[in-house]
Amino acid sequence: MPQKRGKPSYAKKDAVWGYLFVLPAMILIAVWIIYPMIFAFRLSFMNFKYLTPEKARYVGFANYIRAFSDDTFKKALTNTFKYSLIVVPVQTIISLLLALVCNSRIKGKTFFKVAYYIPSITSALAVGTMFKFLFNQQGIINRFLSNFGFHSVSWFEDPSYALPLCMIMAIWSSVGGGMILFLAGLQDIPSSVIEAAQVDGANGFQRFLKIILPLLRPTIFFAVVTGIIGTLQVFDQAYIVSRGSGGPLDSTMTVVLYIYNKGFRTTNANMGYPSALAFLLFAIIFTLTLIQKKFFDKGAESY
Amino acid sequence: MKRVLSLFLALCMTVTLFAGCSKKAAQTNQQNEQQQQTEQKKEPVTITVATFSDAFGNKWEKEVADEFMKQNPDIKVNLEQYPGDFFKALENKFIANQAPDVFYLDIVQAPSLINAGKVEPIDDYISKYNYDIDDIVPSLRQAFTWDGKLYGIAKDYNMLGLFYNKEMFEKKGLKPPTNWEELRQCAKMLTTKDVKGLALQNEIARFQPLAYQNGGSMMDGQNPKVNRDENIKAAEFWTSLFKDGLAVEPKDIGEGWDGDAFGKGKVAMTIEGGWMCKYLQNTAPNLKYGVVELPVNKTKSTMAFTVAWGIASTSPNKDAAFKFVSFITNKDNQRKVIPEQNALPSRISLHQEFKDKFPMWDAFTKSYEYAAPYNYGIAGTTVIDEVGKALEKIKLKKSDAKSAFDEAQKNIEAYLADVK
């Protein structure tokens, strides 16, 4: 009897300690993330202005309905999806290639690892300033391209080049992070499997396609999911290229930049509308992640 | 034993009771004395004054505040600078109920703050303290008037003028243009392989005077109305200058703003504000240039950019706050900012002195009577964004002028419906 009683009490004690250890983080998350989320959810059904909170009123789904007839929001959604569709595959492939290079037996791979990773830890603002030098009308990139017969284009001011510029900036600064991820994935693959394939006569390309790639599936899933979530929330690149306006002609207006502008660009704005937009974006990302999980789960656990 | 103890206790209590009485009596005596004192010398009040951070301005404000405190020992002035985005910071202070007593009231932001009831109307204080408001430029008074009440006294201001390169004009034997037709002719004559006739920033803050010169307006009472025919016709003229290759935006030729394009001699003319005089003095000291009033079409127009001193409606010391505002905007203190050549003093009576010191500003001191303020009601930022977008669309030939301005108006109205 005492033994039976003692066991759960130890477990309980463990649980208490466990809770105590996570408590600081839990409090921070509750105050700075959970509470604002609930507050924003409530706001999304209201017409609420911070300077005149006494005039706040519930408007039902009006903010959500308005989003569907908002041309700028639609444009922002299109831009964001375009951005995501190009950036995610390109950055995943490039970072996988970089990881393969760094995982091979070449000389000076530590140098390459560091060199590729530095952009990921550079602040977006510094990257933006650097890109302004590289991509302005008389910049190095235009001069370099003119050697191959391209006309010099105004990357920042031309509506058809501003979004690609954002993409280039994002890919350049994110491949390093992806590389580290894939490097860890590659080193997780047991060498016995690869050696077995080698013994069976598989060449390097076959080993990569039939052995390494399938075994990397969980890592690829992770890279793609976080990539999609990250790119759908793109803000800094668009903010830097357009100086916050989303221009030229809304060509760099992304969903998060639009939410930010609706909430903070004007004095005493209705905070309900941007909150509703934020929850629409959440719904989109959530659905996409669920679909991906279904898609990737097929046979992902086999090895 | 018990009895002795209780007796002792009772004694203690009575003694303390009496002691308490005597203390109270002493206190009331002291209070009376204090009250008598305060009748002679008031309790000092503290007012907080919030401004942008700006090296010269802050130094001047500090000097003025020190002098003010010397003259008014009963008021303590606490100067605060908000670095970064001042307007966001100010809005947050209001949201948190920590608003400063006196603050920079920006012309674009003012209507939103006023409409939210955060700014105190000062008409009563003006008559109470007999402030000489008539000396303040009328369009600056109009800029901070909302529903017939005045909410701020302009700190200083700037207007737009036409800057022209004297050497280029002399070489071609041209005179600075006075109307739209001459403007186009001059631009055409001066455009060469390396030099464009005009540098124009394609935004409402440079385009608006043309709309007004054409008999248009951006406003209908306190509401924006941007898609008037006169405005659209003016926009067509404005963008035709780009389409015909007579005008460029500074960014099209790799320059940051008009000041660089003009200073480096890449353009012969530009429409800019008075602030450019000082910029050119520092960056292009050898450039020979002149400034004239903007060319005329049906009527004269320019626009005024300004910041006022506003008083928070939540301030507990509004009288002290107004005293400070009237002190810092008086003639002596306004005179002190002239040597800096940043902006015109908002007092008409100081224009002559300014012009004598800086003859280049002659055109600006002439144009204050017909300046329209950079003010579009509570949708201010949205009007600026939408008209800018419309102008960009027309310039890039993505849309004709009429539908671009109609769409801008539609978006502005949608915004207004949302915030009202």
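The values are calculated or read from the model by the stated rules, or taken from the named source; none is laboratory data. In this text the structure is predicted, and so the values were computed from the model without any measurement. As a convention, Cβ positions derive from the backbone with ideal geometry for all residues, glycine included, and neighbour counts pool all protein chains shown. All accessible areas refer to the heavy atoms of the entire protein, side chains included, with ligands and DNA or RNA removed. Shrake-Rupley method; radii C 1.70, N 1.55, O 1.52, S 1.80 Å.
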Candidate set from the stretch B:375-385 (those that are out of contact with any strand residue (DSSP E or B) (no Cβ under 7 Å at 6 or more places or on another chain) and surrounded by 24 or more Cβ atoms within 10 Å (Cβ to Cβ)); member that is farthest from residue B:107 (Cα to Cα)
B:382
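Looking at B:410, B:402 in this structure, which one is open to solvent by 40 Å² or more (accessible area, probe 1.4 Å), within 13 Å of chain A (Cβ to nearest Cβ) and either in contact with a Lys or Arg (Cβ under 8 Å, 6 or more places away or on another chain) or of a type outside the set (Phe, Trp, Tyr) (or both)?
Residue meeting the stated conditions: B:410.
Tell me whether the stretch B:356-378 contains one or more residues that are of a type in the set (Gly, Ala, Ser) and within 11 Å of another protein chain (Cβ to nearest Cβ).
No - not one qualifying residue is present in the stretch B:356-378.
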Residues of the stretch B:271-299 satisfying the condition of being charged (D, E, K, R) and either surrounded by fewer than 19 Cβ atoms within 10 Å (Cβ to Cβ) or more than 19 Å from residue B:359 (Cα to Cα) (or both)
B:278, B:288, B:298
If residue B:417 satisfies all but one of (1) among the small types (Gly, Ala, Ser); (2) closer than 30 Å to residue B:75 by Cβ; (3) open to solvent by 10 Å² or more (accessible area, probe 1.4 Å), what's the number of the condition it fails?
(2)
Residues of the stretch A:135-166 being open to solvent by 20 Å² or more (accessible area, probe 1.4 Å) and not in a loop (DSSP other than H, G, I, E, B), in sequence order, are A:140, A:141, A:143, A:144, A:145, A:146, A:159, A:160, A:161, A:164
Restricting attention to the stretch B:253-270, the residues that are within 20 Å of residue B:189 (Cβ to Cβ) and open to solvent by 10 Å² or more (accessible area, probe 1.4 Å) number exactly 3
Just one listed residue, out of B:326, B:346, is open to solvent by 10 Å² or more (accessible area, probe 1.4 Å), in contact with a strand residue (DSSP E or B) (Cβ under 8 Å, 6 or more places away or on another chain) and away from chain A (no Cβ under 13 Å), and it is B:326
What number of residues within the stretch A:258-273 are buried (at least 21 other Cβ atoms within 10 Å of the Cβ), within 13 Å of another protein chain (Cβ to nearest Cβ) and either outside any loop (DSSP other than H, G, I, E, B) or modelled with pLDDT of 85 or more (or both)?
7
Any chance the stretch A:60-71 includes a residue that's away from every other protein chain (no Cβ under 14 Å), closer than 30 Å to residue A:257 by Cα and not in a helix (DSSP H, G or I)?
yes
In the stretch A:248-257, which residues are in a loop (DSSP other than H, G, I, E, B) and either open to solvent by 10 Å² or more (accessible area, probe 1.4 Å) or within 12 Å of chain B (Cβ to nearest Cβ) (or both)?
A:248, A:249, A:250, A:251, A:253
Can you pull out every residue in the stretch A:46-61 that is of a type outside the set (Asp, Glu) and open to solvent by 40 Å² or more (accessible area, probe 1.4 Å)?
A:50, A:53, A:55, A:57, A:58, A:59, A:61
Where residue B:302 falls short, out of the listed (1) closer than 30 Å to residue B:102 by Cβ; (2) open to solvent by 40 Å² or more (accessible area, probe 1.4 Å):
(2)
Hey, residue A:131 more than 30 Å from residue A:176 (Cα to Cα), surrounded by 18 or more Cβ atoms within 10 Å (Cβ to Cβ), in the same structural domain as residue A:231 (by TED's automatic domain parsing) and in contact with a helix residue (DSSP H, G or I) (Cβ under 8 Å, 6 or more places away or on another chain) or not
no
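Taking into account only those residues within the stretch A:103-122 that are not in a helix (DSSP H, G or I) and not hydrophobic (A, V, I, L, M, F, W, C), which is most open to solvent (accessible area, probe 1.4 Å)?
Looking at residues that are not in a helix (DSSP H, G or I) and not hydrophobic (A, V, I, L, M, F, W, C), I get A:105.
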Surrounded by 11 or more Cβ atoms within 10 Å (Cβ to Cβ), without any contact (Cβ under 8 Å) to a residue 60 or more places away in the chain and within 32 Å of the chain's Cα centre (by Cα): does that describe residue A:37?
yes
Kindly list, by first and then second residue, each pair from a residue in the stretch B:74-99 that is away from chain A (no Cβ under 11 Å) and surrounded by fewer than 19 Cβ atoms within 10 Å (Cβ to Cβ) to a residue that is part of a strand (DSSP E or B) and aromatic (Phe, Trp, Tyr), limited to pairs with Cβ atoms under 6 Å and residues at least 6 apart or on different chains.
B:89/B:82
Residue A:38, sole failed condition from (1) away from chain B (no Cβ under 14 Å); (2) assigned to a loop (DSSP other than H, G, I, E, B):
(2)
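Say whether the condition of being in the same structural domain as residue B:231 (by TED's automatic domain parsing), open to solvent by 50 Å² or more (accessible area, probe 1.4 Å) and part of a helix (DSSP H, G or I) is met by at least one residue in the stretch B:349-369.
No, the conditions are met nowhere in the stretch B:349-369.
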Pairs under 8 Å by beta carbon, first residue within 14 Å of residue B:307 (Cα to Cα) in the stretch B:320-348, partner open to solvent by 30 Å² or more (accessible area, probe 1.4 Å) and of a type outside the set (D, E, K, R), six or more apart or different chains?
B:342/B:56; B:342/B:275; B:343/B:275; B:344/B:368
